[in-house]
1. Please list, ordered by chain and number, the residues whose modelled amide H lies under 5 Å from the amide H of G320; skip anything fewer than 5 residues away on the same chain.
2. Apply the Karplus curve 6.51 cos²θ - 1.76 cosθ + 1.60, θ = phi - 60°, to the phi angles in the range 74-84 and return the couplings in whole Hz, x for Gly and Pro.
3. Apply 1/(1 + (r/R0)^6) to the Cβ-Cβ distance of E342 and A252, taking R0 = 35 Å, and write down the FRET efficiency to the nearest 0.05.
4. Kindly write out, for the range 43-48 in residue order, the coupling ³J(HN,Hα) from the Karplus curve 6.51 cos²θ - 1.76 cosθ + 1.60 (θ = phi - 60°), rounded to whole Hz, with x marking Gly and Pro.
5. Under 5 Å between amide hydrogens, which residues at least 5 positions from H379 or on another chain qualify, with H placed 1.01 Å from N in the peptide plane?
6. So how do 264-272, 102-110, 46-54 stack up, highest first, on mean other-Cβ count within 10 Å?
7. For the range 223-320, list log₁₀ I(q)/I(0) at each q in 0.20, 0.25 Å⁻¹, using the Debye formula over Cα point scatterers of equal strength and ignoring solvent, two decimals each.
8. Working from the pairwise distances between different alpha carbons, so that the mean of 1/r is found and then inverted, what is the range 258-369's Kirkwood radius in Å?
Amino acid sequence: MTPLRLSLIALLTGALSGAGVAVVMGSIGGLIQLLWGDPVLEGLDRGLPLGWSLLICGGSGLILSLLHRPCPTTLLPELRETLNDLNHPDQAPKRDEGRGLLGATLAQIGGGAVGPEALMSRMAALISQRIWRGRDQKLQQATVAGSLAFFGAPLLGGAVVSGGSHPNSGRQTFLDRWLPGSLGGVAGFAAFNGLGTASGGSLQRLQYTWPNSLGEDLGTLSAGLLGGVIGCGLGWLLLQWRGWLEQRQLLARWPWWPLLTGLLLGACMHWLPLVPFAGEDQLRPLLEGQNSSEAWVLLLSAIVKLLMLGLCLETGWRGGVFFPLFLVACALGMGLHLLLPELGSLGSWCGSLTGALYRCVLPAPLAVLVLGVALLKGHGTAGLLMGLGMAHLIRCRSELDGGPPLRP
């Protein structure tokens, strides 16, 4: 097969898979909006009846308990597992893809504190396999790069995925497969309004603020450094929390953990409305000042959402971590900015916390930088760089001192 034909097939594969994912995610988003309504999704409804939230979240948890009761193969693979399956198809375990996709969809609808990227990337890979069954295995990897374009960064998929590809793939593989697949995925996803559906608008309308004096520069630097340390600590907490839960094998010991998690989500939805859901619809009201929560409520919501993210992932509420961690960083940044209004800007707090948190869960600093800039829409880039740098130094120092390396 000629390189040109290979590139065209990769482009078409990415476009079809991106369009398919956008249509499915748009349908899921419409169902979520119909069930919960905008005020709940935006974290602004503090009058939601406790019985209603417990009924929906608990009912979703009950279905997930029954759905995942047969065996662990019914769980949706996380993003890194999907990439590993694509890079090493001969070692990929057999999975019940139907139950996995259904469970992840239910987790999104039921208010799980998980993001959509694991579901989206898995759907893209499966659509690709259906279309190009028996053809070049690398084409399926290219569609995953396209599926990650919902962050608004066309080359993010290639940056993240190619980091885990085989070292002998070389530049030709990138040109023949990754680049066309990514561009096709972006085009297909954007054609069906996938970017707006997945990002919730995020920070597009937030006014840019730039330091214009030495005092503001020092404040931004201080907020960036402090945010980097705090964000690294939160990333360490998430990894330790997930590791502790994983060692307990919760689902294997007691199959009704998804029900209990659902009831906890329902309670959080009533008292801490920023905790449930991925967070893409909660960001803009939070950072534009529509959310009038006090600083301590924002700080508590961020910590509880971080813990619920780990609990959801380990108890059958499968999904991704990117948007929940972004919401955690922004809620924490808003709370710290309210407590310390003279120290830096809101963007510097959010940027530094985002960079440090992502560096703890992603193996490649470049991917963290691209992802952070894409999600922040350019806000707080200086803080992002400082937070990323602080977390990278702490991570490398920990490994050099003989400590256990942080799990990606």
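1. The list, which skips near neighbours in sequence, is G115, E117, A118, L119.
2. Computed from phi, the couplings for the range 74-84 are 7, 7, 5, x, 6, 4, 5, 6, 4, 5, 5 Hz.
3. 0.10
4. With coefficients 6.51, -1.76 and 1.60, one gets x, 10, 8, 9, x, 5 Hz.
5. Correct list: empty.
6. Ranking, from highest mean packing down: 102-110, 264-272, 46-54.
7. Values, matching the q order: -1.11, -1.39.
8. Computed over Cα pairs of the range 258-369, the Kirkwood hydrodynamic radius comes out at 14.4 Å.
Here, each number is a calculation from the coordinates, and none is a lab measurement. Computed from a prediction, not measured in an experiment: that's the story for all the values here. Cβ sites come from the backbone with ideal geometry, for glycine too, and all protein chains shown count toward neighbours.
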